[in-house]
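Visitor: Sharing a structure, written as structure tokens. Questions coming.
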Amino acid sequence: MKYYDLRSDTITKPTEAMRKAMYAAEVGDDVYREDPTTSRLEELGAQLSGKEKSIFVSSGSMGNLISLYINGGRANEVLCSANAHIIHHEIGSVAAIAGVLPIGIDVPRGVLSAADLQGKVKSGAYDMATTTLIEVENTIGGYCYPLENLEGIKDFADTHHLKVHMDGARIFNAQTATGISVKTYAKYADTLTFCLSKGLGCPIGSLLCGDEAFINRALTIRKMLGGGMRQTGILAAAGLYALQNHVERLSEDHRHAKEIARALSEAGWAEVDEEGVQTNIIFFTVKNINASEIVRQLAAIGVLANTEGETVRLVTNLDLNEQDTQELCTLLKKFKPRMHA
Ligand SMILES: Cc1ncc(COP(=O)(O)O)c(C=O)c1O
């Protein structure tokens, strides 16, 4: 049976051209800061984000954790969306390791505005945690942050002397969908993490971006967390290749996602948030059948999906081409969910 793997955009395998770039990479010991390919990738990360510096980290979770560790601070609070990745999918590292308490705010689609933060900042009381940071995720559930929200949040943060961290795991999807550059998005955050191993198709790695003082500290915290790696040029070469060759093609993933969302709506058995499909993520529910049961039934016809709370999630990616998408749409239109498995 042919499988259509839409569990995530992290499942992609490096292309042959990417593997060739990795094979040819010039390398050195990055803990000694002697890996020339990693240095080139970090310079490009700084340039694309408009920040003074960037460092290569093993994962998006590691980038978020380092930023929260440094700019959150133990026994303090971070304001974020109630469905933030840092709350639900990072094993509580923000609290367990960084020592910061995340305060999740329940907002439609997870998109915060300054108004949502009003009254949530704590400071000055000896018997309460102090709020030090705001965390925003862009995209969140595939939805792009409106720039005016980010502007408002940054103004709010400045007024209350808070830092802003942007989890931009899929910020290149946002750039592709909206035409707003990563650099423009990053203007509204002190620090930014973006992932190379999602839509961009790398096997491993993320970049953490910020000012020079932050990145110098981040180097130390990365080492403390066991994230100092040696000949990272092999991985950085994949990152350089992806940033040069895989950014524009994200629009194909977005087109496929819209086509799949349409097919699901037309199929009649799914309730799809079509308007929310701005990039490569589709969410849907099925009346009277829970999400994990639908995931099981879809797997039986070769469609691999994931649950996100009470919804089913599909993520288009580099390994799903136009023909796969058309075949998948046909399969979804024919599929009939069963009430009782
Ligand atoms: C929004 C978001 N942030 C952070 C991460 C963490 O990235 P990683 O899996 O590289 O730790 C993910 C991973 O799926 C994510 O979706």
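The values are calculated or read from the model by the stated rules, or taken from the named source; none is laboratory data. Computed from a predicted model, the values in this text were never measured in an experiment. With ideal geometry, Cβ positions are generated from the backbone for all residues, glycine too; neighbour counts draw on all protein chains shown.
Visitor: Do any residues in the stretch 56-75 that are farther than 18 Å from S206 by Cα and in contact (Cβ under 8 Å) with a residue 24 or more places away in the chain have Cβ atoms under 9 Å from those of residues that are in a loop (DSSP other than H, G, I, E, B) and within 15 Å of the ligand (Cβ to nearest atom), where the two are at least six apart or on different chains, and which pairs are they?
Guide: Going by the 9 Å Cβ cut-off, the qualifying pairs are G72/A98; G73/A98; R74/A98.
Visitor: Restricted to the stretch 228-249, and to residues that are part of a loop (DSSP other than H, G, I, E, B) and either in contact with a strand residue (DSSP E or B) (Cβ under 6 Å, 6 or more places away or on another chain) or polar (S, T, N, Q) (or both), which residue is surrounded by the most Cβ atoms within 10 Å (Cβ to Cβ)?
Guide: T232
Visitor: Which pairs do you get when a residue that is in the same structural domain as S67 (by TED's automatic domain parsing), found in the stretch 179-202, comes within reach of a residue that is acidic (D, E), reach meaning Cβ atoms under 7 angstrom, with the pair 6+ apart or on two chains?
Guide: Hits for this filter: Y188/E151; T193/D167; K198/D9; G199/D9; G199/D253.
Visitor: Starting from the stretch 220-233, keep only residues that are in contact (Cβ under 8 Å) with a residue 12 or more places away in the chain and closer than 26 Å to A24 by Cα, then list their pairs with residues that are among the aliphatic types (A, V, I, L, M) and part of a loop (DSSP other than H, G, I, E, B) whose Cβ atoms are within a distance under 8 Å, requiring at least 6 positions of separation or different chains.
Guide: Pairs that qualify, where the first residue is in contact (Cβ under 8 Å) with a residue 12 or more places away in the chain and closer than 26 Å to A24 by Cα and the partner is among the aliphatic types (A, V, I, L, M) and part of a loop (DSSP other than H, G, I, E, B), are Q231/V27; T232/V27; G233/A25; G233/V27.
Visitor: Also, I was wondering about something else. I91 passes all but one of (1) touching a residue at least 40 places away in the same chain (Cβ under 8 Å); (2) among the aliphatic types (A, V, I, L, M); (3) at positive phi; which number fails?
Guide: (1)
Visitor: Consider the stretch 18-37. How many of its residues are assigned to a helix (DSSP H, G or I), surrounded by fewer than 21 Cβ atoms within 10 Å (Cβ to Cβ) and either of a type in the set (V, I, T) or more than 24 Å from the chain's Cα centre (by Cα) (or both)?
Guide: Final tally of qualifying residues: 5.
Visitor: Please verify whether G199 is within 11 Å of the ligand (Cβ to nearest atom), within 14 Å of the chain's Cα centre (by Cα) and closer than 23 Å to I282 by Cβ, treating the condition exactly as stated.
Guide: The answer is yes for G199.
Visitor: Hey, another quick one. Which one is farthest from A218 (Cα to Cα) among residues in the stretch 153-181 that are more than 15 Å from the ligand (Cβ to nearest atom), assigned to a helix (DSSP H, G or I) and β-branched (V, I, T)?
Guide: So, considering only residues that are more than 15 Å from the ligand (Cβ to nearest atom), assigned to a helix (DSSP H, G or I) and β-branched (V, I, T), the one farthest from A218 (Cα to Cα) is T178.
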